[in-house]
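See structure below.
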Amino acid sequence: MTILRVENLRTHFKTPRGTVRAVEGVSFSIRDGETLALVGESGSGKSVTSLSIMGLIDSRIGTSNGSITLDGRELLGLSENEMEKVRGRSIGMIFQEPMSSLNPVFTVGWQVAEMFRLHRGASKAEAWREAVKMLELVGIPAPERRAQEYPHQLSGGMRQRVVIAIALACEPSVLIADEPTTALDVTTQAQILDLIRSLQTRLGSAVLLITHDLGVVAETADRVAVMYAGSIVESGNVRDVIDRPRHPYTQGLLAAVPEISDSDGAELEERPLLKEIPGMVPSLTREIIGCAFASRCDRARDNCHAIRPELRSMTNSHNAACHYPTEYA
Amino acid sequence: MSQGTAPLLQVKGLKKYFPVSNGILGSRKRYVRAVDGVDFDITSGETFSLVGESGSGKSTIGRLVMRLIEPTAGTITFDGRNVESLSQRELRSLRSRFQMVFQDPFGSLNPRMRVGDIIAEPLRNAHPDLNEGALRERLADLLDRVGMPKDSADRYPHEFSGGQRQRISIARALAPGADLIVCDEAVSALDVSVKAQVINLMRRLQDELGVAYLFISHDLGIVDHISDRVAVLYLGQLVEVGPRAEISRRPAHPYTKALISAVPKLHPQRKTRQILVGEVPNPISPPSGCRFNTRCPLAKDICRQSVPTLRQYDGTHQVACHLV
């Protein structure tokens, strides 16, 4: 069942230099128990999309239009009070930097317990017991003792586990993880991704994973949406998009990733140069006419500069926004 | 540069202990053993990578090589000269030959200097006799080599993107005629497509100018792409050193194996992925014996008792493990 649906989301910011169209017509949906990855480079709008869903766009500078429904209920236009009940209870959040998402002056146990007190009305003692249980669930050794420690006493990986404990305390139907492992070492990243996966299976939550790392996408997500300059340029099942990318930007991104080659095949002594995507991301302060990628695309023809390509279906739920998508036999 | 087979940079028995205060009384001084007995050398025109996780000591080694900090023990020899024994004046003249590119392209360029001055400053320091015309010519050549437009000399760093700033940093490092550039996570902060541009640039410059890189990174994909040889660090010690293809295809040390298997891949082979348990131990009191023994899936008694030394494994491939 579809739990989260985003339709034609537009989030714009007013700045002294003009309106920044950070998110420009984004639509997607996530089903129960499914992981959708939003992937893109800096400025693609992936994080602003997640902040819009959580209602964390500062209304003094930014506005979101379109529709965001959680389990059929429209979230855009809810008051701050109502949104506060949604966040934490129905939508859990994990951010990149665990140190700045934890409060340095409270013990980690207190911060997990707060979730049970606020959203479940649990008593102090009951909430603490639940918090310790939660810390154990996320793999923190000696949880009774660790619960009494402050964030600075824990390592980066342990802190991220605490953040996950807070996010999942109320068994939310949607978990939004914005670059959850970017600040972590690779062996810790593997541990945390495994933890998110196993807890997701256990709780049946849908996960919206925001990342710039295509390897992480390939190993964790069911479906992926590739964002460029505020819009989705390609979406589909992870294997379809990675093995048979249609959009030239997706193809460029995939070719630019230097992968460690641990295959036992030919000893490639000659390392070819990486494939580059020429040029830079366009400015988002002007309305983009035509395809946003056209100026960097070797496939672009006249109509690419004039007509904006819509996201359209290629094969079974694989979509691309390109006038000249790559065809596969 | 024409030193035959003599290494450009030679590091022997390098140690760096940072003192940590021990509470208010400070009765017994304790040390973080950031780098604890490291040997390696780099030849001209080669890319030598140091990989490891946070706290492995890789950045400390980079700073020691640059002599930004003083070692606790060990020697660093650059082109046959012991770097520590040099006077400030001698060091300054030698320093034009080893330069550094930092991770943060926003923090490492002076925002109040024009790009032209940023690059010209080390150029003037290294060649005080250079006249304005020659200087300008050299500057234009450097900008061109790193793929920056000519007019960028008159502009300020904030006008450029992260990738362009790293190009400026590379031009600055090359300006005085560097033979070795220490790159500390030089592309880590860049987006995928920009990262590829800068990596390709670095490789082209190496082909053209024969510069050597000490490439410090946590990104094994990039390291596998850019290196000639790779050294893997764990808690301040080298656990494995070898040619790039050997390290990525036939890693011998259990830590290297775990590190490589933890990298998320575009085409995950459903081989049993090895996830390390636990965390890197505290470098103030590292485990006895092999420092990896607390997390090693193969650890035996000997690993807890005696310290394995780096020894020949196969050709130039070296490993520090009792069990391989």
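Rule-based calculations on the coordinates, nothing more; no lab input. Everything numeric in this text was worked out from a predicted model, so none of it was measured. No Cβ is skipped: glycine too gets one built from the backbone with ideal geometry, and neighbour counts run over all protein chains shown.
Residues of the stretch B:82-103 that are surrounded by 16 or more Cβ atoms within 10 Å (Cβ to Cβ) and not in a helix (DSSP H, G or I): B:Leu86, B:Ser96, B:Arg97, B:Phe98, B:Gln99, B:Met100, B:Val101, B:Phe102, B:Gln103.
Among residues of the stretch B:67-95 that are more than 27 Å from B:Tyr31 (Cβ to Cβ), those with a beta-carbon under 7 Å from a residue that is assigned to a helix (DSSP H, G or I) at least six positions away or on a different chain give the pairs B:Arg81/B:Leu94.
Among the candidates A:Ser67, A:Ser47, A:Ser52, A:Ser59, single out the residue that is closer than 29 Å to A:Gly18 by Cβ, within 14 Å of another protein chain (Cβ to nearest Cβ) and small (Gly, Ala, Ser). Give the derivation first.
Working: A:Ser67 fails: within 14 Å of another protein chain (Cβ to nearest Cβ); A:Ser52 fails: within 14 Å of another protein chain (Cβ to nearest Cβ); A:Ser59 fails: within 14 Å of another protein chain (Cβ to nearest Cβ).
Every option except A:Ser47 fails the conditions.
Restricting attention to the stretch B:220-260 and to residues that are more than 8 Å from chain A (Cβ to nearest Cβ) and small (Gly, Ala, Ser), the residue that is surrounded by the most Cβ atoms within 10 Å (Cβ to Cβ) turns out to be B:Gly236.
Within the stretch B:284-299, one or more residues are crowded, with 24+ Cβ neighbours inside 10 Å, farther than 29 Å from B:Ile170 by Cβ, within 22 Å of the chain's Cα centre (by Cα) and among the charged types (D, E, K, R). No other residue among B:Ala186, B:Ala153 is outside any loop (DSSP other than H, G, I, E, B) and buried (at least 19 other Cβ atoms within 10 Å of the Cβ) apart from B:Ala153.
Mind checking whether some residue in the stretch B:208-217 is hydroxyl-bearing (Ser, Thr, Tyr), under 15 Å from the mean Cα position of the chain (by Cα) and crowded, with 24+ Cβ neighbours inside 10 Å?
Filtering the stretch B:208-217 down to residues hydroxyl-bearing (Ser, Thr, Tyr) leaves B:213, B:217.
From the residues that got through so far, the ones that are under 15 Å from the mean Cα position of the chain (by Cα) too are B:213, B:217.
Still in the list and also crowded, with 24+ Cβ neighbours inside 10 Å: B:213.
Within the stretch B:208-217, one or more residues are hydroxyl-bearing (Ser, Thr, Tyr), under 15 Å from the mean Cα position of the chain (by Cα) and crowded, with 24+ Cβ neighbours inside 10 Å.
Within the stretch A:169-216, if we keep just the residues that are under 19 Å from A:Leu4 (Cα atoms) and assigned to a loop (DSSP other than H, G, I, E, B), the residue that is farthest from the other protein chains (Cβ to nearest Cβ) turns out to be A:Cys170.
Considering each of A:Val20, A:Val39, A:Val86, A:Val48 in turn, give the residue that is β-branched (Val, Ile, Thr) and touching a Phe, Trp or Tyr at 6+ places or on another chain (Cβ under 6 Å). So the residue among A:Val20, A:Val39, A:Val86, A:Val48 that is β-branched (Val, Ile, Thr) and touching a Phe, Trp or Tyr at 6+ places or on another chain (Cβ under 6 Å) is A:Val20. All told, A:Val39 meets the bar of being of a type in the set (Val, Ile, Thr) and crowded, with 22+ Cβ neighbours inside 10 Å. Candidates are the residues of the stretch B:261-271 that are within 18 Å of B:Gly221 (Cβ to Cβ) and assigned to a loop (DSSP other than H, G, I, E, B); the one that is nearest to the other protein chains (Cβ to nearest Cβ) is B:Pro264.
Within the stretch A:227-244, the set of residues being within 13 Å of another protein chain (Cβ to nearest Cβ) and surrounded by 24 or more Cβ atoms within 10 Å (Cβ to Cβ) comprises A:Met227, A:Tyr228, A:Val241.
Out of all the residues in the stretch B:291-301, is one or more outside any loop (DSSP other than H, G, I, E, B) and away from chain A (no Cβ under 13 Å)? Working first, answer last.
Filtering the stretch B:291-301 down to residues outside any loop (DSSP other than H, G, I, E, B) leaves B:301.
Add one more test, that the residue is away from chain A (no Cβ under 13 Å), and what stays is B:301.
Yes; the residues of the stretch B:291-301 include at least one that is outside any loop (DSSP other than H, G, I, E, B) and away from chain A (no Cβ under 13 Å).
Please go through the stretch A:292-315 and give me each residue that is closer than 27 Å to A:Asp222 by Cα, without any contact (Cβ under 8 Å) to a residue 60 or more places away in the chain and in a loop (DSSP other than H, G, I, E, B), ordered by number.
Here is the first cut: in the stretch A:292-315, the ones closer than 27 Å to A:Asp222 by Cα are A:292-293, A:309-315.
Next, only the ones that are without any contact (Cβ under 8 Å) to a residue 60 or more places away in the chain stay: A:309-310, A:312-313.
Answer for the stretch A:292-315, where residues must be closer than 27 Å to A:Asp222 by Cα, without any contact (Cβ under 8 Å) to a residue 60 or more places away in the chain and in a loop (DSSP other than H, G, I, E, B): A:Pro309, A:Glu310.
Only one of A:Gly109, A:Gly139, A:Gly92, A:Gly88 is buried (at least 17 other Cβ atoms within 10 Å of the Cβ), outside any helix (DSSP H, G or I) and more than 14 Å from every other protein chain (Cβ to nearest Cβ); which? Outline the logic, then answer.
On the way: A:Gly109 fails: outside any helix (DSSP H, G or I); A:Gly139 fails: more than 14 Å from every other protein chain (Cβ to nearest Cβ); A:Gly88 fails: outside any helix (DSSP H, G or I).
Going through A:Gly109, A:Gly139, A:Gly92, A:Gly88 in turn, just one is buried (at least 17 other Cβ atoms within 10 Å of the Cβ), outside any helix (DSSP H, G or I) and more than 14 Å from every other protein chain (Cβ to nearest Cβ): A:Gly92.
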